[in-house]
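Trainee: Sending over a structure as structure tokens; questions will come in a sec.
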Amino acid sequence: MYHKILLITILFTTLIFAREEFSSERFLGIEAGYGSVQSRNVIGVPSSTNGIEFGFRIGAQNEEWRTTISGGKFNQDNQNYFRGMISFDRFIWTNLYKTDNIIFKPYIGGHIGWVKYVDSKASVEDSGYIYGGEVGLAWNVLREVDFDLGYRYSISNLNKVDDIGTIVFAVNYLY
């Protein structure tokens with residue numbers, strides 16, 4: 001219960017302090033990725049499950065910062081997880097990678113969120129928080145569309161899940 005209250009407090013504080021970003025470009029997007037979940041079975045033996053992850057995102061960005069609220073679902077080999085998180089990314093070296101029509105924006109950032117893990121084969125269900133870092137490249141090809149390719153690494157406090165690593169490709173509609 002304490003963790004949920006903490007996450008809600010962080011979310012509302014972020015929204016209050018991000019007023020400048022919300023006056024900038026807002027976006028709505030979808031993401032797909034290839035992830036690896038490092039988990040432990042009932043007797044504690046580590047295992048790795050790889051598979052496809054799908055999700056959604058909504059956020060705001062300006063020339064220096066991006067704040068994103070996202071959710072995603074992973075389902076592979078009777079292991080499922082759903083995550084919801086908030087990410088903070090800092091665009092770096094944006095002035096070095098501009099052309100006439102395309103703007104490349106490398107970024108580095110962090111995230112915090114909540115994850116629910118279900119292993120239907122072992123009848124295990126758990127939920128808790130995740131946190132981690134991310135790095136990638138966003139590029140604005142059209143005026144209203146951003147593409148995003150990045151890597152996200154998350155650590156959890158769940159008993160059965162150690163970490164989650166995902167390569168993510170996203171398409172964002174800017175409005």
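The values are calculated or read from the model by the stated rules, or taken from the named source; none is laboratory data. Given the structure is predicted, the values throughout are model-derived calculations rather than measurements. Cβ: placed from backbone, ideal geometry, glycine included. Neighbour counts: every protein chain shown.
Trainee: Any residue at all in the range 149-161 that is under 13 Å from R66 (Cβ atoms) and modelled with pLDDT of 90 or more?
Mentor: Yes, because at least one residue in the range 149-161 is under 13 Å from R66 (Cβ atoms) and modelled with pLDDT of 90 or more.
Trainee: Now a separate question. Does F56 satisfy the criteria of being of a type in the set (F, W, Y), more than 14 Å from the chain's Cα centre (by Cα) and modelled with pLDDT of 85 or more?
Mentor: Here the answer is no, as F56 does not meet what is asked.
Trainee: Right, another one. Can Q38 be described as over 15 Å from A170 (Cα atoms), free of Cβ contacts under 8 Å to residues at least 40 places away in the same chain and surrounded by 15 or more Cβ atoms within 10 Å (Cβ to Cβ)? Let's see the steps before the verdict.
Mentor: Numbers: over 15 Å from A170 (Cα atoms): yes; free of Cβ contacts under 8 Å to residues at least 40 places away in the same chain: no; surrounded by 15 or more Cβ atoms within 10 Å (Cβ to Cβ): yes.
Spelling it out, it is not the case that Q38 is over 15 Å from A170 (Cα atoms), free of Cβ contacts under 8 Å to residues at least 40 places away in the same chain and surrounded by 15 or more Cβ atoms within 10 Å (Cβ to Cβ).
Trainee: Right, something else. Find all pairs meeting these conditions: Cβ atoms under 9 angstrom apart; at least six residues apart or on different chains; first residue within the range 150-161 and assigned to a strand (DSSP E or B); second residue of a type in the set (V, I, T) and exposed (fewer than 15 other Cβ atoms within 10 Å of the Cβ).
Mentor: G150/V135; Y151/V135; R152/V135; Y153/V135
Trainee: Here are N80, N140, N101: which of them is modelled with pLDDT under 95, assigned to a strand (DSSP E or B) and under 21 Å from V171 (Cα atoms)? Show your work before the answer.
Mentor: Values: N80 fails: under 21 Å from V171 (Cα atoms); N101 fails: assigned to a strand (DSSP E or B).
Exactly one of N80, N140, N101 is modelled with pLDDT under 95, assigned to a strand (DSSP E or B) and under 21 Å from V171 (Cα atoms), namely N140.
Trainee: Now a separate question. Which numbered condition trips up S48, out of (1) over 21 Å from S123 (Cα atoms); (2) modelled with pLDDT under 90; (3) among the hydroxyl-bearing types (S, T, Y)?
Mentor: All conditions pass for S48, except number (1).
Trainee: When the residues of the range 111-134 are narrowed to those that are among the hydrophobic types (A, V, I, L, M, F, W, C) and assigned to a strand (DSSP E or B), which ends up farthest from the chain's Cα centre (by Cα)?
Mentor: Looking at residues that are among the hydrophobic types (A, V, I, L, M, F, W, C) and assigned to a strand (DSSP E or B), I get V124.
Trainee: Return the residue satisfying two criteria in turn: it lies in the range 117-175 and is charged (D, E, K, R) and under 16 Å from G59 (Cβ atoms), and of such residues it is surrounded by the most Cβ atoms within 10 Å (Cβ to Cβ).
Mentor: Applying the filter and picking the extreme gives R152.
Trainee: Only one of these conditions is not met by D162: (1) in contact with a Phe, Trp or Tyr (Cβ under 9 Å, 6 or more places away or on another chain); (2) acidic (D, E); (3) under 21 Å from E53 (Cα atoms). Which number is it?
Mentor: (1)
Trainee: Can you find a residue in the range 51-67 that is aliphatic (A, V, I, L, M), part of a strand (DSSP E or B) and loosely packed, with under 14 Cβ neighbours inside 10 Å?
Mentor: Looking through the range 51-67, at least one residue is aliphatic (A, V, I, L, M), part of a strand (DSSP E or B) and loosely packed, with under 14 Cβ neighbours inside 10 Å.
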